[in-house]
Amino acid sequence: MFSVLCKPGHIVPNNTHFDTTRANIEFTGARAIDLPIPEAADTQAYLPFKGNIDITALEKLIVREGTAQIPLVMITVTNNSSGGQPVSLANIRAARELTQGHDIPLYFDACRFAENAWFIKQREPGYADKTPREIACEMFSLADGCTFSAKKDAFAHIGGLLCTNDNSLAEQEMNLLILTEGFPT
Ligand SMILES: Cc1ncc(COP(=O)(O)O)c(C=O)c1O
């Protein structure tokens, strides 16, 4: 995905990039930028959604660097490299509104989406009566796609998914995958 979307000089913001995600972005010459909320650095602070992306910092970055420099924004759910902290639906929605307003696609690094949905059910007002599946559907309805390492938790021994709503991007990705993974099935 990054081979198709990113060029040298581009910037890809995330709440916190997982190291292999960062490596794949920076291999293209783009910069992977972390924008966690400032409280995430305080190990003693208790917040229900300490994995959130800093919306104010994201807006400043988009305005400063310009939309053309940012091929996508990512949110990692849960935010593994920042202590496995969850992200709220309110935060995902705010990121969606901001990125949509600037015509920038939003992708999840989604390998712990189920755990994140469970935290939303437990902690976010208005979601206690929804099932984790309903919450996950609401999360994914706000994104253009995701990267997904399936070998976490209950899903699979190995492998993953690369999902996108963009058919042209999917075709380019599938062509490149022939070089590294073989024909898509
Ligand atoms: C948030 C996140 N993204 C990506 C990965 C990378 O997964 P894989 O090793 O399947 O490439 C991990 C692995 O722990 C992860 O926690």
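The values are calculated or read from the model by the stated rules, or taken from the named source; none is laboratory data. Since we're looking at a predicted model, the values are computed, not measured. Here Cβ is always computed from backbone atoms with ideal geometry, including for glycine, and neighbour counts include all displayed protein chains.
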For the range 116-133, check the following and say yes or no: at least one residue is of a type in the set (Asp, Glu), more than 16 Å from Met1 (Cβ to Cβ), buried (at least 16 other Cβ atoms within 10 Å of the Cβ) and modelled with pLDDT of 95 or more. yes
Which number in (1) touching a helix residue (DSSP H, G or I) at 6+ places or on another chain (Cβ under 6 Å); (2) within 16 Å of the ligand (Cβ to nearest atom) marks the one condition that Asn14 misses? (1)
Collect the residues in the range 152-169 that are surrounded by 13 or more Cβ atoms within 10 Å (Cβ to Cβ), modelled with pLDDT of 95 or more and more than 12 Å from Ser3 (Cα to Cα), keeping them in residue-number order. Cys163, Thr164, Asp166
List pairs: first in the range 152-164 and free of Cβ contacts under 8 Å to residues at least 40 places away in the same chain, second surrounded by fewer than 14 Cβ atoms within 10 Å (Cβ to Cβ), Cβ under 9 Å, 6+ apart or cross-chain? His157/Lys151; Ile158/Lys151; Gly159/Lys151
Cβ-Cβ below 8 Å, separation at least six or inter-chain, first residue in the range 100-112 and closer than 20 Å to Ser149 by Cα and in contact (Cβ under 8 Å) with a residue 24 or more places away in the chain, second away from the ligand (no atom under 16 Å from the Cβ) and in a strand (DSSP E or B): which pairs? Tyr107/Thr164
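Every residue, every condition in (1) touching a Lys or Arg at 6+ places or on another chain (Cβ under 6 Å); (2) aliphatic (A, V, I, L, M); (3) within 15 Å of the ligand (Cβ to nearest atom), yes or no:
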site	(1), (2), (3)
Gly29	no, no, no
Arg64	no, no, no
Thr76	no, no, yes
Ser82	no, no, yes
Ala94	no, yes, no
Glu97	no, no, no
Phe108	no, no, yes
Kindly provide the set of residues from the range 119-161 that are of a type in the set (A, V, I, L, M, F, W, C) and either in a loop (DSSP other than H, G, I, E, B) or over 17 Å from the mean Cα position of the chain (by Cα) (or both), ordered by number. Ala128, Leu142, Ala143, Ala150, Ala154, Phe155, Ala156, Ile158
If I ask for residues that are away from the ligand (no atom under 16 Å from the Cβ) and surrounded by 12 or more Cβ atoms within 10 Å (Cβ to Cβ), which ones from the range 172-185 would you list? Gln172, Met174, Leu176
Can you find a residue that is touching a helix residue (DSSP H, G or I) at 6+ places or on another chain (Cβ under 6 Å), farther than 20 Å from Glu115 by Cα and buried (at least 23 other Cβ atoms within 10 Å of the Cβ) anywhere in the range 73-83? yes
One residue from Ala117, Ala95, Ala57, Ala41 being of a type in the set (A, V, I, L, M, F, W, C) and in contact with a strand residue (DSSP E or B) (Cβ under 6 Å, 6 or more places away or on another chain): Ala95
